[in-house]
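Enquirer: Here it is, the structure in full.
The values are calculated or read from the model by the stated rules, or taken from the named source; none is laboratory data. Source: prediction; values computed, not measured. FYI the Cβ positions are ideal-geometry reconstructions off the backbone, even for glycines, and counts take in every protein chain you see. The protein model used for the area step is the full one, side chains on, heavy atoms only, and it has no ligands, DNA or RNA in it. Shrake-Rupley method; radii C 1.70, N 1.55, O 1.52, S 1.80 Å.
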Amino acid sequence: MSATTAPDISLPATGDQEINLANLKGQPVVVYFYPKDSTPGCTNETRDFGTLHPEFEKLGCKIFGVSRDSIKSHDNFRAKLETPFDLISDADEALCNAFDVIKMKNMYGKQVRGIERSTFVIDKDGNVCQEWRKVKVDGHAAAVLEFVKTL
C-alpha cells in the first residue's frame, strides 16, 4: 500500500451508515477485503471474524468487511450470518484502489479483475500498521486477533 495512513474516503455501510476509516482514530480497526458475499471462502472468513468479535471488542477494536457488493447484498449476507459488525460497500472500488487489492485473477480459466482477499490493521493513530495479502481463510481471523493484542 502506498499510503501509511487510513484513506479519507466515505462509503455506505450496513446499518444505514457512512464509514470513513480516517475518522476512526483512537481505536484499532481491522479492515478485511473479500471478493463476494455468500461465497464459501467469504462466508467462512466473515463467520470467523464474527466468532472472534467479542475478543476484538474487548481490545477496543472495530472490524469492517469490504467488498464491491451492494448494501442490499451486504444486509442479506450480514443477516444470514448474524454478523456483529458492519460491512462496507465499495461498488466504485475507491477503497479497494486505495489499498491496492484489485488484481487480475484466474477464474474458470479466464482472467478477471477481482478483489484479492486482504486484511489491514489500522492503529489508534490512523496508520496502517499491518497487512496480509493473498489471505488463506483458515486461522486468519485468529492470527489478526493475535496481532491486534500486540498494539
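Enquirer: When you go through (1) of a type in the set (G, A, S); (2) open to solvent by 20 Å² or more (accessible area, probe 1.4 Å); (3) under 21 Å from A143 (Cβ atoms) one by one for S10, which number turns out not to apply?
Expert: So S10 meets the others, but not (3).
Enquirer: Which condition number in (1) touching a residue at least 12 places away in the same chain (Cβ under 8 Å); (2) closer than 17 Å to V135 by Cα; (3) of a type in the set (A, V, I, L, M, F, W, C); (4) open to solvent by 30 Å² or more (accessible area, probe 1.4 Å) is the one that V66 fails?
Expert: Every condition holds for V66 apart from (4).
Results for (1) of a type outside the set (F, W, Y); (2) modelled with pLDDT under 95; (3) open to solvent by less than 80 Å² (accessible area, probe 1.4 Å); (4) more than 13 Å from the chain's Cα centre (by Cα), shown as yes or no for each residue.
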{"position": "A79", "(1), (2), (3), (4)": "yes, no, yes, yes"}
{"position": "C96", "(1), (2), (3), (4)": "yes, no, yes, no"}
{"position": "V101", "(1), (2), (3), (4)": "yes, no, yes, no"}
{"position": "Y108", "(1), (2), (3), (4)": "no, yes, no, yes"}
{"position": "D123", "(1), (2), (3), (4)": "yes, no, yes, yes"}
{"position": "E131", "(1), (2), (3), (4)": "yes, no, yes, no"}
{"position": "D138", "(1), (2), (3), (4)": "yes, no, no, yes"}
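Enquirer: Quick check on segment 76-83. Is at least one of its residues among the acidic types (D, E) and in contact with a strand residue (DSSP E or B) (Cβ under 9 Å, 6 or more places away or on another chain)?
Expert: Among the residues of segment 76-83, not one is among the acidic types (D, E) and in contact with a strand residue (DSSP E or B) (Cβ under 9 Å, 6 or more places away or on another chain), which makes the answer no.
Enquirer: Being surrounded by fewer than 16 Cβ atoms within 10 Å (Cβ to Cβ) and within 15 Å of D16 (Cα to Cα) is the filter here, so list the residues in segment 81-94 that pass it.
Expert: Within segment 81-94, just P84 meets the criteria.
Enquirer: In segment 98-118, which residues are outside any strand (DSSP E or B) and among the small types (G, A, S)?
Expert: The answer is A98, G109.
Enquirer: Still on this structure: What strands (runs of 3 or more DSSP E) lie completely within segment 20-97 and have 1 or more residues being closer than 14 Å to R117 by Cα, touching an Asp or Glu at 6+ places or on another chain (Cβ under 8 Å) and not charged (D, E, K, R)?
Expert: Strands (runs of 3 or more DSSP E) meeting the threshold: 29-33, 62-67.
Enquirer: Now a separate question. Would it be correct to say that V121 is over 20 Å from G26 (Cα atoms) and either touching a helix residue (DSSP H, G or I) at 6+ places or on another chain (Cβ under 8 Å) or part of a helix (DSSP H, G or I) (or both)?
Expert: Here the answer is no, as V121 does not meet what is asked.
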